[in-house]
Structures are given as structure tokens and as C-alpha cells.
Amino acid sequence: MLFLPQTITFFPPRKKQDASDLATTVARDLTAVAAAAVLCLSTTFLPLSAFAADSSTSGFEEFAKEGGTMKANPSCFFDECKEQTQNCFTNPACLKGITCLGNCRGEQLCATQCFARFGSERLNDWLGCTLEDKECVTTGVKQDTTKYYANPPPAMESFKPSDLEGKWYKVLGYNPKYDTYPCQTNTFELQPNGGLKNDILFRVPKPDGGSWQNNFLESMENSKGPQGKASMTVEGKMFGLTFHEQWYVLGKGDDFIVVSYIGDTQQGPYDGAFVYTRTKDALESNPKIRRDVDNIMTKARLDPSKLVDIDNACPPDATVAGASLAETSKEKLEWKDVFELTEWFRPGTLKKDSSFDPNSM
């Protein structure tokens, strides 16, 4: 059973509240909103079914039905994450980002579009503090992921970090939930400590056409990981939350590299694989690469038929992801944004809108 506020007063109450009562009321409201964000993010970072339209009622009730539980500490928002909470909840774009996540009901592509539309350091800082650093709200789904790394695909022994140096195109992806976003390039720079800096570019499609351009930086360590089986290890933050990954370079040729990975967040593990080439049209110009890739995948106990072509056409219709200063200044909360928060306070009240579009908020 989820212990969430059952009612919310959208207008000032007639009876005057003292400061402590008002703080308690607001804290309870923030708890509900944060709980919704936890639910959405915990599924965003775990393997999900493919994005699909659904008109059913879903939300916390469905989560609870499946045995999910949440614990919340309302005072944490004011005591432990006071600055982050004030910065986000006094910024319309940041608050609309949280509302957007709630409309997604945990669907990964939708949630990623919310971050592309409303992402900001304010939102990242709030999520990082309330969900991870101070754990104002927890889902109770934390798990030991060490066993997940116990039997990875076998990495080639001769790999060295300098093999990845320079610019690569991702041309094939294994996990459609993580690996197949269009226009993916990774540019690796060798670091003095023997590791790599990875400059990542990829696009998130907009529902009405066009795309958002995303850019992240990762630091990769020249380490075989705790189990001694990885080619390199990665730790970073995405959308304010920490992730860990172990990369396994399965094989390589003159112009291609095949990589598998296993990762985990606070909520659980995930995995995937992909193929890098030096040019985005390498598979078309040299069919032998695909035959070599298939052989490498098969030897690594992975099914090469699951590899999907990545769209690297990259038309000039992309806009930079996240809420720009100009856009932030224009954002205003509307009545529908307040109404949509009802789902946080009365789970299952609103039917899921199958036509919800983060770009239209």
C-alpha cells in the first residue's frame, strides 16, 4: 500500500495556516510529486517494453499491484534538499518537466523526450538530491547487481584503450531501448591516466517530426572491473542519477569495433551491445564487416539477428535538447499542468492519454 496524500487544495484555504502547518502541507505535496518521479525514473533506467500507445489507467496503483512499495521522508525536501527543491519548484520549466514525466507513466521513450524538452541542471540537481543523494523517496526496489556481472560475454584479451581513440559512428544497436537512437557518434580522447573521455552525441526523435540533439560526456577507466572481465569501466550521471557500466570489447577489425556492456543504476541492471565504424556508411561500402560482426556476436553468445540498423542520415532538423534560457523565460504553468498533478495525489484518477506529446506542453 502506498502512503500518499489523498487530497490536494489548489487554492489557499480559508482558515489561516501557521508556518509549520503550511510547511507540512507543502512537504506532503512534494513527497507525492517526487514519488511519481521515482516511479517513472526507476522504470526509465531499466529494460522496458517498446514505446506503445495505451489508453488504460496506470500509475501508482499499477505499481502497488505488482508489489511495489515506497517510503518517503517529507522533511527531507526542506532539510536535506532545500536549495534544489526551491530552485526547481520556483521554475516553471523544471516543474513542467516533472509533470511531463508523470504523463509518461514510466515509458522510456516518452520520458527521454521529457528530458530532451525540459531537461536542465535544476531538474538534474533536484532528482539527484531527492532520489539518490539524500533518498527523500525510495521505491524499495534496490537490488544487488553483482551477480548480473558474473557471466558477461567474453572480452578480447588484446584490447587497449587507444584502440577506441578518435571518432566513431554507432551503426548497429542490440537493445532497442538503449542502443538505437539516431545519429550517434562517440569521440574518444585518451587521458593521462590511461582512461578515455567519451564525447557522446545522439538524437531523440520528436513525436511531430525533427529531433532533439543530446550531448553527454563520460569518463572511462582503464579497468577490468571488480570481476576482472571487462575491457573498461564507466561511471557517470545521466538526468541527475548515477550509473555504472562495464564494457566488453568482443572483437574488432581495421574499421569496426563490437562492444557489449552491462550497467546498473540505483534501481537495477541493464545491458546491450552495439557496433562502431569509422564512417557512417561503412556497412554499405564493405559488406564483409557485417559478416565479421555476425561471427563475433555468435562467438560471444549473442544473437546477431537482433542487431538493428541505426539511422545516421542526420537531417538538419535537430534542436539542442533541454530548456534553453530563452525557452525557460517563456514557460508558464497552465491550469492543465496543475490538474495533471492530480495523478500524484490520487493515483489512477486520470486515464493515460495515448496521444500525449512532450513537445506540445
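Structure summary
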{"quantity": "Index of the failed condition, W126 passing every other in (1) at pLDDT below 75; (2) touching a helix residue (DSSP H, G or I) at 6+ places or on another chain (Cβ under 7 Å)", "calculated": "(1)"}
{"quantity": "Filter pass, S260 being surrounded by 23 or more Cβ atoms within 10 Å (Cβ to Cβ) and either hydroxyl-bearing (S, T, Y) or out of contact with any Lys or Arg (no Cβ under 9 Å at 6 or more places or on another chain) (or both)", "calculated": "yes"}
{"quantity": "Per-region count, the stretch 219-235, residues in a strand (DSSP E or B) and open to solvent by 20 Å² or more (accessible area, probe 1.4 Å)", "calculated": "4"}
{"quantity": "Residues that are part of a helix (DSSP H, G or I), farther than 15 Å from F243 by Cα and open to solvent by less than 30 Å² (accessible area, probe 1.4 Å), drawn from the stretch 116-128", "calculated": "A116, F118, L123, W126"}
{"quantity": "Filter result (assigned to a loop (DSSP other than H, G, I, E, B) and touching a residue at least 60 places away in the same chain (Cβ under 8 Å)) within the stretch 246-297", "calculated": "Q266, Q267, R278, T279, K280"}
{"quantity": "Members of the stretch 151-175 found to be under 20 Å from K306 (Cα atoms) and crowded, with 16+ Cβ neighbours inside 10 Å, listed by number", "calculated": "P152, P153, A155, Y169, K170, V171, L172, G173, Y174, N175"}
{"quantity": "Candidate set: the stretch 280-301, residues that are touching a helix residue (DSSP H, G or I) at 6+ places or on another chain (Cβ under 9 Å) and more than 17 Å from D163 (Cβ to Cβ); chosen: the one surrounded by the fewest Cβ atoms within 10 Å (Cβ to Cβ)", "calculated": "T298"}
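The values are calculated or read from the model by the stated rules, or taken from the named source; none is laboratory data. Given the structure is predicted, the values throughout are model-derived calculations rather than measurements. Cβ atoms come from the backbone with ideal geometry, glycine included; neighbour counts cover every protein chain shown. Surface accessibility is based on the protein's heavy atoms, side chains included, excluding ligands, DNA and RNA. Shrake-Rupley method; radii C 1.70, N 1.55, O 1.52, S 1.80 Å.
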